[in-house]
1. Give the relative contact order (percent, whole number) for region 9-257; include only Cα pairs under 8 Å separated by 6+ residues.
2. Using the crude model of +1 on Lys and Arg Cβ and -1 on Asp and Glu Cβ, and no other charge, please compute the dipole size for region 1-72 relative to its Cα centre, in debye to 20.
3. Taking the Cβ of Glu119 as the center, what net charge do the other residues with Cβ under 15 Å away carry, scoring Lys and Arg +1 and Asp and Glu -1?
4. Kindly point out, ordered by number, any Cys in the chain whose beta-carbon has no other cysteine beta-carbon under 4.7 Å away.
5. Determine the shape class of region 164-305: with a ≥ b ≥ c the square roots of the Cα gyration tensor eigenvalues, call it rounded for a/c under 1.5, and otherwise prolate if a/b is greater than b/c, oblate otherwise.
6. Reported to two decimal places, what Rg/Rh ratio describes region 96-182 when computed on Cα atoms with Rh from the Kirkwood expression?
7. Could you check the simple spin-label distance between Arg348 and Glu382, using points 7 Å along Cα→Cβ, in nm with one decimal?
8. If I model a spin label at Ala355 and His235 as a point 7 Å from the Cα along the Cα→Cβ vector, what separation in nanometres do I get?
Amino acid sequence: MQVPLLDLKPQMEKLHDEIMEAVTKVIDSTQFILGDEVTALEQSIAAYCAVPNAVGVSSGTDALLISLMAMGVGPGDTVLTSPYTFFATMGSIVRVGARPVFADIDPVTFNINPTAVAEALALDRKNGSRIKALMPVHLFGQCADMQILLQLAEEYRVPVIEDGAQAIGSDCPFTEHGKTTWRRAGSMGISGCFSFFPSKNLGGIGDGGMVTTYDNDFADLLRIYRNHGASPKYHHAYIGGNFRLDTIQACVLDIKLKHLEQWHRDRRQNAQLYTRLFEDARLLDETVTLPAAAYKNVPGAMERNYHIYNQFIIRVPRRDELRSFLQSRDIGCEVYYPVCLHQQECLRPYNDDTASFPEAEQAALDTIALPIYPELRPEQIEYVVQTIKDFYQS
Ligand SMILES: *Cc1c(COP(=O)(O)O)cnc(C)c1O
C-alpha cells in the first residue's frame, strides 16, 4: 500500500470543474493581478478569521515581511520568535535588517513557551528594549498560548505578529473568571500572517498569502506596501515591494475556503483514529509520543478548531531509522524541522553561537510527521501504525 505524506489530487478532482470555470473566467477577464476575486477572497478570509481587514499578498513569507516593513522594524531592532519553525519566520526578520531573538519552545505543544518569552522580554528591557515585535508561530495547526503572550505583549508594549501559516481557522481559548471565550488565529495580534502554499490546509494552485488585521490604518498601510509603497500611483512615500496576490489564486482559494471546515474536521478525525490505533498497538507508553491537543478539554472545544492538524507530529526514539523504514514501505513522512533556526548557517554572522534552546534542539532530533491529509483512508492509517509497530517490535 502507498501512503503519500500529502496527496492533493482527490481534493483537486472533486473541485476540478468548478475551479476550471472560475479560472477560465479570470483568464477571459484579463484582470490577472488584484482583480475583483482578490477583493472577494479578502472579504471571505476576513470573515473567516473574525477580523475587519484582510490583505492578499504573494506568499506567507511576504505576509511576514510586509508586516515587519509596515511596522517600520529594521536595523538596530530585534524580533522575538521561536527557534523551531519554518525558516521564513526568521528569514523575514533578517531581511528587513533586524535580528531574531529566540525563546525556547514548550516540549508538549512545540509552540513558543510563554515563560521563556517573559524572560527574554525582561532581559531585553534591562538591555535597552530593542525587541520591536513578538512573532509567535501557531505551529502544526495549534495556536500558541496567546492569552499569556498577549498579556506580556501589552505589558512590554510590543506589537504581536502571528505566524499563522499553518493554522488558518485555528481557535485559541481565553479564560477569565472561569469563563472561556475563543479567538481565531490572525485576530489576536495586530498582524496575522497566512500562507496558501499548496501543502497548507487552505492551499492555492501556486504561491499566495494573506495578512489579517483588526487595525484599519495598518490595513491601509499594508495595501500601500504591497504595491511598492505607492499612494497615489507613482508617488512613493515608502519603499514597499511587489507583494500582490494573483487573481487566479484568489478565485481558487475562495472556492476551496467553502470546504475548509470539513477538511479541518477530517484531519481531526484522522488524528483520532491514529490515537486509537496507537493505543491499541500499545506503542504509547514508551515508544511513541502523540501530538498534544492542548485545548481539547477546554469548555466549548468540540465546537471549535482547537487544532487543525496541518501536520501530525509524533516523537519517537531512533527517528532517522524509522524514517528510512517508513520510506522503504511506501509511507511518506518528513522531519519538521531537522535544524533549529538559531543553528542555521546563515545566521552565524548575526548571532552569538553560545545560545542554546534545548527543547527546540531535542524536538529537531526526535519528531517526525505522518500523513494526515483529509482524504486519507482509514486502511492507510492502519497501515502506517502497523508499519511503525513492526519497526519497533522487530
Ligand atoms: C509555510 C510557512 C511560511 C511561509 O509561507 P509561504 O507561503 O511558503 O511563503 C511561514 N511560516 C510558517 C510557519 C510556515 O509553515
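1. On the way: 529 pairs, mean separation 65.4, N = 249.
Value for region 9-257: 26 percent.
2. On the way: 3 positive and 10 negative charges, 48 e Å.
Charge dipole of region 1-72: 240 debye, to the nearest 20.
3. Numbers: positive: Arg125, Lys126; negative: Asp104, Asp106, Asp124, Asp145, Glu155, Glu359.
So the surrounding residues net to -4.
4. Here Cys49, Cys193, Cys251, Cys333, Cys340, Cys346 come out as lacking a disulfide-compatible partner, given the Cβ-Cβ threshold of under 4.7 Å.
5. prolate
6. Working: Rg = 13.3 Å, Rh = 13.7 Å.
Radius of gyration relative to Kirkwood radius: 0.97.
7. 5.1
8. The two pseudo-label positions are separated by 4.1 nm.
All of the numbers you see were taken from the coordinates with simple rules; none came from a lab. Since the model is a prediction, treat every value here as computed from it, not as a measurement. Cβ coordinates were reconstructed from backbone atoms using ideal geometry, including for glycine residues, and neighbour counts include every protein chain displayed.
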